[in-house]
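Below: the structure, in structure tokens.
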Amino acid sequence: NIEITGCNFDEIGASAIAAPTTVKMVSVTNNYLHNIADTYNNANAIYFMKAYELDILYNSIINCAYSAVSVGWTWSWDRGAPLDSINVDYVEVAYNYIENYMYFMYDGGAIYTLGGNATIDYPEYFNFLHDNYAYCGSTGGLPECDDTPSCWYHDGASSHWYTYNNVIWVNTDYISEFSYLSLQGYDEWNDTMGQQVYNITLENNYFINL
């Protein structure tokens, strides 16, 4: 039952809004975030580790060293019954304006999701990423990283997202793409099975100047 609305976050050294724990019924709307993560460059402008009923709507995020919005955790599905174990449940990220993200770091995106949310046979799409706009400007990510930068990035084990009506303006001097990395079933870092990305639908997403 937290609302963060109408705030101005300017010149923030790390994340402007962050919750490294489980949150429920949180709304982040109509905020202006400018020059974020200039000191701790691996911080996201808006970051929620685990969330149930989270809205991130109508925010402007301009100049962020890493990802503008990051939601989720774990590289395996994480959804108990009834919801004792939550990763990303009933999350909407929509109508956000993002400009010049990932200008220092790599392996992230304008909007970055991580972790599964239900088993592969669970049919419902209950997370929504739609009607966001992002401009990818100059980036200084490590040149050897071939996924620098991404726009809408559903990373390892992400699931049950409906991603539609988003627009990305691409600076042709740099690479920007839809990313679905970690498609392998085996996670060599943790010696476990589990980074499979599943139950994600893409529809009506647009690229300008690609």
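The values are calculated or read from the model by the stated rules, or taken from the named source; none is laboratory data. Nothing here was measured: the structure is a model prediction, and the numbers come from that model. With ligands, DNA and RNA removed, areas are computed over all heavy atoms of the protein, side chains included. Shrake-Rupley method; radii C 1.70, N 1.55, O 1.52, S 1.80 Å.
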**Asked** Each residue of the stretch 42-50 in order: what ³J(HN,Hα) in whole Hz does its phi give by Karplus 6.51 cos²θ - 1.76 cosθ + 1.60, θ = phi - 60°, with x for Gly and Pro?
**Response** 8, 8, 8, 4, 10, 9, 10, 6, 9
**Prompt:** Counting only the heavy atoms of the protein chains, how much of W169 is accessible to a 1.4 Å probe, in Å² to the nearest 10?
**Reply:** 100 Å²
**Request:** Just report the Cα centroid separation between the stretch 94-108 and the stretch 27-47, whole Å.
**Result:** 10 Å
